[in-house]
Amino acid sequence: MNPITVTKTSLDGVLILEPRVFGDERGFFLESYSARTMSAIGIKDQFVQDNHSYSQQNVLRGLHYQLKHPQGKLVRVALGEILDVAVDIRRSSPTFGKFASVRLSGDNKRMAWIPPGFAHGFRVLSSNAHVLYKTTDFYFPEFEHTILWNDPELNIDWQLDAEPLISMKDRAGSLFRNAELFP
């Protein structure tokens, strides 16, 4: 039996992964990462950094990416729930400028694979959330770019029920049409 179920999204390369969960009255066990399993489903990238983000309800982070040292991200939520969003910023892609979103939570135990070439962001839907993600390259703040989360051209449905909490850096993001993007 396959230890992971893979669902393709509308964006080529962005995947939703559902690990096999073994549970009983004591709790559960799941394999959150295995190089062998990832390689078998086509993710051969090497991860070099693990990140842990804690955020309150309605915090919106993103849309972030690095042109130099682009990062693939394997995203999951240990506790809480988020709306995870990927935007295709590869000019040569047939889905350039399109987005895909998925709810990730500690309950559904889904993960999102977002390869290099995409901007990434999320909004916290629950009272708080612990978001864990592996990256295929290191974080370089000097190479980070941000696209404005509410860019009218992208028209992302963040499923807002209140004004989001956004950092000053993310408020100053570029409009999609003015952003430096992948070829």
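Here, each number is a calculation from the coordinates, and none is a lab measurement. Just so it is clear, the structure is predicted and the values come from calculations on it, not from any experiment. Here the Cβ positions follow ideal geometry from the backbone for every residue, glycine too, while neighbour counts run over all protein chains shown.
In this structure, residue 109 does satisfy being of a type outside the set (Val, Ile, Thr), under 23 Å from residue 3 (Cβ atoms), in contact (Cβ under 8 Å) with a residue 40 or more places away in the chain and part of a loop (DSSP other than H, G, I, E, B). Going through (1) out of contact with any helix residue (DSSP H, G or I) (no Cβ under 9 Å at 6 or more places or on another chain); (2) farther than 20 Å from residue 41 by Cβ; (3) crowded, with 23+ Cβ neighbours inside 10 Å one by one, residue 114 falls short only on (2).
Give the residues of segment 1-27 that are in contact (Cβ under 8 Å) with a residue 40 or more places away in the chain and either aromatic (Phe, Trp, Tyr) or surrounded by 13 or more Cβ atoms within 10 Å (Cβ to Cβ) (or both), sorted by residue number. Write out each step before concluding.
Restricting attention to segment 1-27, the residues satisfying the condition of being in contact (Cβ under 8 Å) with a residue 40 or more places away in the chain are 9-19, 21.
Matches in segment 1-27: 9, 11, 12, 13, 14, 15, 16, 17, 18, 19.
When segment 6-55 is filtered for residues that are under 17 Å from the mean Cα position of the chain (by Cα), of a type in the set (Gly, Ala, Ser) and under 15 Å from residue 112 (Cα atoms), the ones remaining, listed by number, are 10, 13, 32.
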